Amino acid sequence: MKLTHRAPEGTLESKTAVELPQSEFYREHQRAFSDAVGLPVTVHAPGTFQLAEDAEGIPDFCRTMARGSRVCSTCCDEHRRLQDPSGETTRTMKCFAGMSSTAIPIRVAKRPAAYLHTGHVFLTEADEARQQRIERLLARRNGETGTEPRRRARVISEGQYQSRIKVLEVFAQRLGEEAETVASRSTFPAVAEAMALIDARFDQHWSLEKLASHCHISPNYLSEMFRKTTGATFTDYLARVRVDNALAALRDPHRRISEIAFAMGFRSLSQFNRVFKQITGQSPRAVRLQSLR
């Protein structure tokens, strides 16, 4: 993952946008979320956007136009303007070629510290004239660079696209929470220990009392410090960790959803379905179908 970065060194934006994509947490979860939604996912500092040569899942048209084209320079400017400076809103745009892309803010300390970018898809079939224009531009650029096309832009419905964006909004929220947590763990080592236990043994039937006992502190103190450190309750954090791991497990078509539910530590399939939909906005079955398309 490569980044173009303009934020001053040492700022919240620079630390999140540069350090977070290199973290073990990001590497473990990025592919699971990207595979679950079937869309390319890249991360960029505020006010920046540039397609890396090794970015996965990007259509050839976008990748080819990125090689020194003035058109791409205009496109990158549009992607930068796509980022909501307030960090409050997920924004979607349609480029000159008719492809839709989205910028999702990653908020840290209530500010936008980075943005997930995704899309590069047609939400409806491109009309013939537009498709011919794209093919001519691509052929011209390929002739200049000697490259051969490998990946065409996907076509999905508006509803399918918005469902995928909701899943990626969960990922952006988790990235923001993780960035805040990393900064706070040294202040509250007991919370760091509690989170490490949950991350490693999320399949166990944890209670606040049981977790506090493992960390040798009182349940009330752990609850208070957990919320201050992560911005979430112990129960919410546990649920999100389980759903994150479930997203990866759902990519395996040979595993039954009920099997995954119990493997993640949920007590029933109905509880799993309810919590999963609360967090992702979709059912486990819907996410599985998306990942298999």
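The convex hull drawn around the Cα atoms of segment 156-293, when projected onto a plane and averaged over every direction, covers 8.4 nm².
Packing, as the average of other Cβ atoms within 10 Å across residues, places the peptides 272-282, 98-108, 204-214 in the order 98-108, 272-282, 204-214, highest first.
In terms of the mean number of neighbouring beta-carbon atoms within 10 Å, the peptides 32-43, 254-265 order highest first as 32-43, 254-265. Using θ = phi - 60° in the Karplus curve 6.51 cos²θ - 1.76 cosθ + 1.60, the 3J(HN,Hα) couplings for segment 157-167 round to 7, 4, x, 4, 5, 5, 5, 5, 4, 4, 5 Hz; x is entered for Gly and Pro.
Measuring against 28 Å, Cα to Cα, the residue pairs Lys94/Lys228; Lys110/Lys210; Lys94/Lys166 contain Lys94/Lys228; Lys110/Lys210 as the ones spanning a longer distance.
Every number in this text was worked out from the coordinates using simple rules, so none of it is lab data. This structure is a prediction, so every number in the text was calculated from the model and none was measured. Every residue, glycine as well, gets a Cβ built from its backbone with ideal geometry; the counts of neighbours run over all protein chains shown.
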